[in-house]
């Protein structure tokens, strides 16, 4: 089952906020604005009425180029047909209790279930069109995509997407920091399912070798190609 890092909705937060609240929000806005790459170990827990499912692994992300960089790329592409505009790049490598790899090179997305010997290929834009990945990967500032409510300054925030997308109805998204680094997302949907995504050993802005996001389809696997 493909991992849900998800789609999200929250009760409306107020359209106007006191100056103090706006100052508190500056931290969380600047945090996501000021990194281009992020690496971390993670634990994901999905709780439903019937079961609990805990997985863990490593993630590496590289945010999509800014609008200006995209425009420059488009100009360069006029003289080079091989120069394509790129979206965000990421690797979610789930290693326990089963091995699954979710990776994007900025153009395509691959979901490789090692045990099932199956690879699903999608356009990356179809995959990242959800609020949690927008938080991590978008070139837009956080307050462009979300209404922000400060629960504890530099510790805890609640986010409401300004534009809803996707087919999963979420009741809220909680964003928590520890030692001024992102620590966790917690999401609950209308069915009562809760998804917690906790990150440790977080490193921002470490140079990433682009080959990390390359994926070669193994031999003898079933391939479902949804890009055609």
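Could you tell me whether any residue of the range 76-91 is within 21 Å of residue 53 (Cα to Cα) and at pLDDT 95 or above? Before you say what the answer is, go through the steps one by one.
First, the residues of the range 76-91 that are within 21 Å of residue 53 (Cα to Cα): 91.
Next, only the ones that are at pLDDT 95 or above stay: 91.
Checking the range 76-91: at least one residue is within 21 Å of residue 53 (Cα to Cα) and at pLDDT 95 or above.
Give 43, 37, 54 a once-over and let me know the one that is modelled with pLDDT of 95 or more and under 19 Å from residue 104 (Cβ atoms). Break it down stepwise before answering.
Values: 43 fails: under 19 Å from residue 104 (Cβ atoms); 54 fails: under 19 Å from residue 104 (Cβ atoms).
Testing whether each residue is modelled with pLDDT of 95 or more and under 19 Å from residue 104 (Cβ atoms) leaves just 37.
Taking the criterion of being part of a strand (DSSP E or B) and modelled with pLDDT of 95 or more, would at least one residue in the range 204-211 satisfy it? Step through it out loud before you land on a result.
The first filter runs over the range 204-211 and keeps only residues part of a strand (DSSP E or B), leaving 204.
Filter again for modelled with pLDDT of 95 or more, leaving 204.
Yes, because at least one residue in the range 204-211 is part of a strand (DSSP E or B) and modelled with pLDDT of 95 or more.
In the range 191-203, what count of residues is obtained for those that are under 16 Å from residue 61 (Cβ atoms) and assigned to a loop (DSSP other than H, G, I, E, B)?
Residues flagged as under 16 Å from residue 61 (Cβ atoms) and assigned to a loop (DSSP other than H, G, I, E, B) within the range 191-203 amount to 0.
Which residues, counting only those in the range 132-162, are surrounded by 20 or more Cβ atoms within 10 Å (Cβ to Cβ), in contact (Cβ under 8 Å) with a residue 60 or more places away in the chain, assigned to a helix (DSSP H, G or I) and in contact with a helix residue (DSSP H, G or I) (Cβ under 7 Å, 6 or more places away or on another chain)?
Hits for the range 132-162 are 135, 142.
Got at least one residue in the range 178-190 being assigned to a loop (DSSP other than H, G, I, E, B) and within 29 Å of residue 116 (Cα to Cα)? If you could, list the steps in order and put the result at the bottom.
Within the range 178-190, the subset assigned to a loop (DSSP other than H, G, I, E, B) is 179-180, 190.
Subsequent filtering for residues that are within 29 Å of residue 116 (Cα to Cα) retains none.
Within the range 178-190, not a single residue is assigned to a loop (DSSP other than H, G, I, E, B) and within 29 Å of residue 116 (Cα to Cα).
Taking the conditions exactly as written (surrounded by fewer than 19 Cβ atoms within 10 Å (Cβ to Cβ), at pLDDT 95 or above and on the phi < 0 side of the Ramachandran plot), does residue 214 satisfy them or not? Break it down stepwise before answering.
Details: surrounded by fewer than 19 Cβ atoms within 10 Å (Cβ to Cβ): yes; at pLDDT 95 or above: yes; on the phi < 0 side of the Ramachandran plot: yes.
Yes: the conditions hold for residue 214.
Within the range 205-226, is even one residue in contact with a helix residue (DSSP H, G or I) (Cβ under 9 Å, 6 or more places away or on another chain) and over 18 Å from residue 58 (Cβ atoms)? Spell out the reasoning first.
Step one: of the range 205-226, the residues in contact with a helix residue (DSSP H, G or I) (Cβ under 9 Å, 6 or more places away or on another chain) are 226.
Cutting the leftovers down to over 18 Å from residue 58 (Cβ atoms) gives us 226.
Yes: one or more hits.
Please note which strands (runs of 3 or more DSSP E) are completely contained in the range 87-130 and include at least 1 residues that are touching a helix residue (DSSP H, G or I) at 6+ places or on another chain (Cβ under 9 Å).
Numbers: elements: 89-96, 100-104, 108-113, 118-123.
Counting at least 1 such residues, we get 89-96, 100-104, 108-113.
Which residue pairs have Cβ atoms closer than 8 Å, lie 6 or more positions apart in sequence or on different chains, and pair a first residue in the range 96-116 that is touching a residue at least 40 places away in the same chain (Cβ under 8 Å) and on the phi < 0 side of the Ramachandran plot with a second residue that is crowded, with 20+ Cβ neighbours inside 10 Å and part of a loop (DSSP other than H, G, I, E, B)?
Taking only residues 6 or more apart or on different chains, the pairs are 104/87; 104/88; 104/128.
The values are calculated or read from the model by the stated rules, or taken from the named source; none is laboratory data. Since the model is a prediction, treat every value here as computed from it, not as a measurement. Backbone-built Cβ (ideal geometry, glycine too); neighbour counts: all protein chains shown.
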